[in-house]
Amino acid sequence: MADVTFTVDGRQLTAPAGTLVIEACRAAGIEIPAFCYYPGLSLQAACRMCLVRIEKMPKLQTACTTPVGEGMVIATETDEIKQARKSMLELLLANHPLDCPVCDAGGECELQDMTFKYGAGGSKFTDIKNHRDEQQWSPVVFFDRPRCILCYRCVRVCNEGMDVAALGIQFRNSGAVIAPNDITSLDCEQCGMCIDLCPVGALTSDTYRYKTRPWELTHVGTICTHCGDGCKTTLGARREENGMQIVRGDNRDKSGMNGDFLCVKGRYAFDFANNPERLTQPLVRQPDGKLAPARWEDAIALVARRFREIREERGGAAMGVIGSTRITNEEAYLLQKFARGPLQTANIDHHRTTDYPGFVKALGGETAHFGSIADALTAPAILLVGGDPTEEHPLLAWNLRTNFRHNGSRIYIANHRAIKLEHQAKATLRISYGGYADLVRSLAASDDASLPAETAHFRDALRAEQNLLIVFGAELRGDAIAPLIQFGLSLPAAKFACLGDFANSRGAMDMGLHPAFTPGYQAVSTVGLSLPQMMDAAGRNELAALYVVGDDPVGRLGLAPESLRNTFLVVQDMFLTATAQVADVVLPSASLYEKSGTVTNTYGDLQPVKKAADTTGVRSDLELIIRIADQMGEDIRALVPFGRGERGDMGQSRGVQSGEADRHAVWLAAHNLEPKLSPFDPDALLDEIQRLVPGYDVDRFALMAGEPQPVRVAAGSNFPVSTGSESIQPANDTLFTSGTLGQYSEKLTEVNRFQAEKTLVAAG
Amino acid sequence: MPTLVSHPEEVRIVSSRFGQGAAEIDRYLELGGYQSVRKAIDQGPDWIIAQMKASNLRGRGGAGFPTGMKWSFVPKQSAKPKYVLVNGDESEPGTCKDHLIFLHDPHAVIEGTIIAGLAIGAKMGFIYLRGEYRYLLKIMEKAIADAYAKGFLGKGIFGSQFDFEVVSQTGAGAYEVGEESALMESLEGKRGVPRIKPPFPAVVGLYGGPTVINNAETIATVPHIFRIGAEEYAKIGSERNGGTRLFCVSGHAARNGVYELPMGYNLKRLIYEVAGGIRDGRPLKAVVPGGSSTPVLLPNEIDIGLDFDQVGKAGSMLGSGGVVVLDDTVCMVDFALRTIAFYQHESCGWCIPCREGTDWLKKTLTRLHAGAGEMRDIDNVRYLAENMLGRTFCPLGDAAAMPTIAFVKKFRQEFEDHLDGKPCPHARHTVPELAAV
Amino acid sequence: MSATTLPAPFAPTIFSPELAARFDKLVTLYPVRRSALVPMLLYAQDEIGYLSDSAIAEIAQRIGITELDVRNVLSYYSMLRTKPAGKFNVQVCTNISCMLRGGRELLEHCERRLGIGHKQVTPDGVFSLEEVECIGACSWAPAVQVNYDFHDNLTPEAMDAVLESYRAKANE
């Protein structure tokens, strides 16, 4: 839209016509306070904090609902307006309890901040405040009506943002109250967005309430360990006896690519890290057949000795390595390097949840067509084939809903079951579970008169799209992917994304935790055993050693424990999983929240993870692999390129200004110039990944600054004909489960049970 | 059945059929009914609007917006259907005029609705009565059914090419729904919370279509304007205030009732001549001239003409025509409290200043009236009301603030007489609390 | 009107056949079904005495909205209730016009006569009492509504007669 020029407090400003006064002012650095106004949500004009004086208007006007106009003269800081703001705060505080010293929002409360800034220091109110008792609405949501200022952010984010509409406004006058949909409790996605947006302490979470004060926490922004969307979650951790314990997760600073959004897992399911069943000591199988605690030195020495012996006695082909979908790229990269190097084996794999190799192969080097999660927020049209984003990819679902709400995007859905996103769909095609391959073939094929009318109509609508984001789930694998890509590439502009399940499923594959290719999808001459093949081999006593880093194949695949009886089994895990229970050595490892590195989400967005917490007694997988290699007598510098040369400026040129030292260090790190003095420094491996893995040569500076970097992987020449899609096993997680890890989150388990009961009651 | 009153100085136009059995369609036709709408069909929309403008009719709901101008704001072309909405959610304390219109002359409302529809090009009208008026809804529904039976509503009304449907319903107890955008929300099956304006209803109204919303008295007046002629109608009233209106006299007047008088009629004369003065010959203490939201007038302020401009000049508002007469037995603190208790009860709760302000005012006034007030409470009451004024989401905040400011300003001594634990000098009753919703 | 065909009757219903038929029609009268919500709530309350959970559930289904939505709306309106009232709900106006003409004394009189207070129900369930805001009978104050019937220009004595007439009806 055309720009208009207007005046605010004597300053001449310009903004596109239609811009709200509040936004135009904020863009120009003029702060206009508001409680009810929330960017992206519908307008309310309820809190009256944003009142401004606009010339030629008889009354003060709400800056949150008035668009700027040509020649408009606006005043935002007059005595009249200051008094209006002050009186709104006085009115709010009349019934608002002043229990700030114990309130969860204390120190992070918009009402506190505004009172401090716009001032109502004294109180004229002497009567009794209205009171209602606090209510618990779900295992995670508490509501304290007296603190509520009725800004309706919670209602709107639930209704508009989440498309759940579990919150309503009931009664009226000072008796007006936010109410949950199940009369006294919430039947919803338990995302906690209502709590996050609450400007005061009216909505609080069970995981955090009355536990601590925000200034007692360290706040670290990292990437959620649960699904494959890669949301940023800011973890607040507090020093406890056994380390730095996480007490909350949110994305209140909106610094991540997920903006406001976090789902139930990102917000609450960090508590697996604090689970009392967490392993904090190495365990070694004793002659009596039982696992017993051991010293780190002994456990690692034992692993190294046996690995070396088996390699020498039976060769690398008798060894297997299984990696994880929740370790960092650096760890995955190092693990495959360790397997293919020191262990001399091609038998390496991980739990595959979708066919990334098939996708990469079908795209055939058209890397400009990789979609990112950000595209879901802006694409004018989206085709969703299979998958259920609401349950499995909550951020994708959020972005698609937001895009639909703000831009009216056209969403096309083809699925074998009803999914919630159909509420926003322009067209929905119901197909059979086995019908995906046929569907995509019909999209790509020339016109076929025998096609059912509905399918033809769906196809024709898609063909008319100029700019289409195509997202497909694990229903589409192997050769079935190619026709979809072919169809997309026939459009003027299409992008693609493939849905996989865990925080670093994509990274694990990109880093070559696969028997057929090395990092960056470069084919190997000798294909090793896949995960199921390794397990079979173990059952046939053909696998002498198995090194499992962060997976539970025994539990996940329901294998008989005896099948691994004759395999030297080393498990690195946080918990004594079914696999760990039959291991010879168990090494307690750190969670993704307790280490640094990078992960790649399912859309190929590379992001840094930062160490936010710490559990005494555990070590990162990176460190464990290196220590084992070290004990095996390997050359660590060959594994990890650390400490080579003095490329960095050690600080000699450092200035004297306060804070400069820190900025100096950041700059060095960002430009890959700082010395990696330790082999445990993941940046040393990132250097190598960036140098050697095609597609990962991203802008390091932007990456360090927290901007997700798209990786552009492409299949190398002579890529295997078969990508091994037969061993794909989708997690089929819901909003309230998270693979094996989810079982160790008490809160997630509790929420899952709570919602399951609601579903049972609803079904009668 | 409400008693009908009369006085020789009345000019009976909108009330001309009261007590004549005009709720029956045949009787309404005998009395000249449904002639104006035929004229309107013949002459067309531009003529209708020109006549309405010439009549100087101003909205009878309280704001006094010129009706003809309001109709002319509706765009001629519209992608969405247009609607006429009759506001019969009469809820302003002191006001009971629409009550009589629905009771005695429902067809005038229907006829006025059709004319409004013709003027703006609507094919559907809604008549929304307050929830308490269920017995009047039954009368209205019968009148509508009779009009359909005669071919006055439905397809091709009066044998013309125009179609017009009318649906009537009631609310369920909410003063706020009298606000036009809240009324639309209620009619759409939602909470009666006003909408953000602009857009105004004439552009985006009911179901998103352009909508004319008029008070029931305004609409019932429309057919009479076409019966007697717009210029003739305009002549009856005062300058820029065409015609007559219904004044509902209540409180301590000797002959309470609803009187139809020309706009600009003298307030003092209304009380002392038409309504027979003060009951038992007691002295007049105050007059609330236009329903509970209008600032109170002192006895020396009532020698004014009752039209929108003159009452405005006197520092109050003509409002909805509810003239509440107070004699010297009334405790003004008590009266102020009862007034604010109403607005507290009826606040929709949407915006901070109204929701919290009315609550706080009610609490303070309750304590003050009970003798537990301090001097600063009196200042606080005024401070609060002044800080609500003009800053709320809808006019309800003003409706609560304006009378409150006037009570404190004009009767401050009486507030001070309640301080320091002194019993109410006028106390006859304690205040029964309306329980919170 | 655009809606020329009636939808199939909603079944099974908790309401009487007459009311159910009325509801089937009501939702077709407006450009959107939801417009029928407030009238439906009133008529359901008239028949059942209050808005029970099952009434709310059925109305939500009939309109095609959530029960939460129905509760949001019904709790806004002061005439709608989710608990039973007496067979005859005596609503005494004490707003300004009635207050000036003895509305409060009338309320106190009713409290004494019926032995109940605001929003209470007599043990026999015949009467309930409510202090209400302006009911639009200001010029004929003080006024009382019993269910939907108006009684105006009341005195305590006249009120007794009104109550008696309803008690007699209850005994019929």
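The values are calculated or read from the model by the stated rules, or taken from the named source; none is laboratory data. Just so it is clear, the structure is predicted and the values come from calculations on it, not from any experiment. With ideal geometry, Cβ positions are generated from the backbone for all residues, glycine too; neighbour counts draw on all protein chains shown.
Condition check ((1) under 23 Å from the mean Cα position of the chain (by Cα); (2) more than 12 Å from chain B (Cβ to nearest Cβ); (3) closer than 21 Å to residue A:758 by Cβ) across all residues:
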| site | (1), (2), (3) |
| --- | --- |
| A:123 | no, no, no |
| A:175 | no, no, no |
| A:178 | no, no, yes |
| A:183 | no, yes, yes |
| A:200 | no, yes, no |
Checklist entry - Residues in the stretch C:129-172 that are aromatic (Phe, Trp, Tyr) and over 17 Å from the mean Cα position of the chain (by Cα): how many? => result 1
Checklist outcome for this item: By residue number, the members of the stretch C:146-172 that are farther than 15 Å from residue C:114 by Cα and in a strand (DSSP E or B) are C:149, C:150, C:151
Checklist entry - Which one is surrounded by the most Cβ atoms within 10 Å (Cβ to Cβ) among residues in the stretch A:74-88 that are more than 9 Å from chain B (Cβ to nearest Cβ) and within 40 Å of the chain's Cα centre (by Cα)? => result A:85
Item to check | Within the stretch A:22-44, tally of residues that are closer than 20 Å to residue A:152 by Cβ, in contact (Cβ under 8 Å) with a residue 24 or more places away in the chain and not polar (S, T, N, Q) | outcome: 10
Item to check | Test: residue in the stretch C:134-145 that is modelled with pLDDT of 95 or more, closer than 16 Å to residue C:167 by Cβ and either within 11 Å of another protein chain (Cβ to nearest Cβ) or not in a strand (DSSP E or B) (or both) | outcome: no
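So that you can scan it fast, the table gives a plain yes or no per residue for (1) modelled with pLDDT of 95 or more; (2) buried (at least 20 other Cβ atoms within 10 Å of the Cβ); (3) in contact with a Leu (Cβ under 8 Å, 6 or more places away or on another chain):
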| residue | (1), (2), (3) |
| --- | --- |
| B:4 | yes, no, yes |
| B:25 | yes, yes, no |
| B:38 | yes, no, no |
| B:43 | yes, no, no |
| B:48 | yes, yes, yes |
| B:52 | yes, yes, no |
| B:55 | yes, yes, no |
| B:64 | no, yes, yes |
| B:67 | yes, yes, yes |
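Rundown of residues vs (1) outside the structural domain of residue A:161 (by TED's automatic domain parsing); (2) surrounded by fewer than 14 Cβ atoms within 10 Å (Cβ to Cβ); (3) within 29 Å of residue A:608 (Cα to Cα), yes/no style:
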site: A:230; (1), (2), (3): yes, no, yes
site: A:237; (1), (2), (3): yes, no, yes
site: A:241; (1), (2), (3): yes, yes, yes
site: A:246; (1), (2), (3): yes, no, yes
site: A:265; (1), (2), (3): yes, no, yes
site: A:276; (1), (2), (3): yes, yes, yes
site: A:285; (1), (2), (3): yes, no, no
site: A:300; (1), (2), (3): yes, no, yes
site: A:313; (1), (2), (3): yes, yes, no
Checklist entry - Identify, please: which residue in the stretch A:591-622 is in a strand (DSSP E or B) and polar (S, T, N, Q) and is, among those, surrounded by the most Cβ atoms within 10 Å (Cβ to Cβ)? => result A:600
Checklist entry - Can you find even one residue in the stretch C:121-128 that is outside any helix (DSSP H, G or I), more than 10 Å from chain B (Cβ to nearest Cβ), of a type in the set (Val, Ile, Thr) and over 15 Å from the mean Cα position of the chain (by Cα)? => result yes
Checklist entry - Among the numbered criteria (1) within 23 Å of residue B:153 (Cβ to Cβ); (2) in contact with a Pro (Cβ under 9 Å, 6 or more places away or on another chain); (3) basic (Lys, Arg), which single criterion is violated by residue B:38? => result (2)
Checklist outcome for this item: If you go through B:171, B:156, B:205, the only one that is over 26 Å from residue B:57 (Cα atoms) and touching a helix residue (DSSP H, G or I) at 6+ places or on another chain (Cβ under 9 Å) is B:171
Checklist outcome for this item: The lone condition residue A:209 fails out of (1) within 14 Å of another protein chain (Cβ to nearest Cβ); (2) more than 23 Å from the chain's Cα centre (by Cα) is (1)
Checklist outcome for this item: When restricted to B:382, B:391, B:376, B:338, the only residue at the interface with chain A (Cβ under 7 Å from one of its Cβ atoms) and of a type outside the set (S, T, N, Q) is B:391
Checklist entry - Quick check: anything in the stretch A:316-323 buried (at least 24 other Cβ atoms within 10 Å of the Cβ), outside any helix (DSSP H, G or I) and in contact with a Ser or Thr (Cβ under 6 Å, 6 or more places away or on another chain)? => result yes
Checklist entry - Residues in the stretch B:188-209: is at least one farther than 21 Å from residue B:393 by Cβ and more than 14 Å from chain C (Cβ to nearest Cβ)? => result no
Checklist entry - Among the listed residues B:329, B:404, which satisfies the condition of being out of contact with any Gly (no Cβ under 6 Å at 6 or more places or on another chain), modelled with pLDDT under 95, at negative phi and more than 14 Å from chain A (Cβ to nearest Cβ)? => result B:329
Next on the checklist: I'm checking my understanding of the structure. Among residues of the stretch A:439-466 that are polar (S, T, N, Q) and assigned to a helix (DSSP H, G or I), which one is nearest to residue A:493 (Cα to Cα)?
Outcome noted: A:442
Item to check | Within the stretch A:161-173, considering residues that are surrounded by fewer than 22 Cβ atoms within 10 Å (Cβ to Cβ) and assigned to a loop (DSSP other than H, G, I, E, B), the one nearest to the other protein chains (Cβ to nearest Cβ) | outcome: A:171
Checklist entry - Which of the residues belonging to the stretch A:485-510 are under 29 Å from residue A:689 (Cβ atoms) and either part of a helix (DSSP H, G or I) or free of Cβ contacts under 8 Å to residues at least 12 places away in the same chain (or both)? => result A:485, A:488, A:489, A:505, A:506, A:507, A:508, A:509, A:510
Next on the checklist: So, residue A:113, is that one more than 13 Å from chain B (Cβ to nearest Cβ) and part of a helix (DSSP H, G or I) or not?
Outcome noted: yes
Next on the checklist: Condition first: away from every other protein chain (no Cβ under 14 Å), in contact with a Phe, Trp or Tyr (Cβ under 6 Å, 6 or more places away or on another chain) and part of a loop (DSSP other than H, G, I, E, B). Now tell me which residues in the stretch A:139-160 satisfy that.
Outcome noted: A:139, A:140
Next on the checklist: Scan the stretch C:110-118 and tell me whether some residue there is touching a Leu at 6+ places or on another chain (Cβ under 9 Å), buried (at least 21 other Cβ atoms within 10 Å of the Cβ) and over 21 Å from residue C:22 (Cα atoms).
Outcome noted: yes
Checklist entry - For the subset of the stretch B:112-136 comprising residues that are of a type in the set (A, V, I, L, M, F, W, C) and either without any contact (Cβ under 8 Å) to a residue 12 or more places away in the chain or within 13 Å of chain C (Cβ to nearest Cβ) (or both), which member is farthest from residue C:29 (Cα to Cα)? => result B:136
Checklist outcome for this item: Residues in the stretch B:236-283 that are away from chain C (no Cβ under 14 Å) and outside any strand (DSSP E or B) total 16
Item to check | Unique residue being aromatic (Phe, Trp, Tyr), crowded, with 16+ Cβ neighbours inside 10 Å and part of a strand (DSSP E or B) when the list is A:436, A:412 | outcome: A:412
Checklist entry - Given the conditions (1) closer than 16 Å to residue B:215 by Cα; (2) part of a helix (DSSP H, G or I); (3) away from every other protein chain (no Cβ under 11 Å); (4) among the β-branched types (Val, Ile, Thr), and given that residue B:139 satisfies all but one, which numbered condition is not satisfied? => result (1)
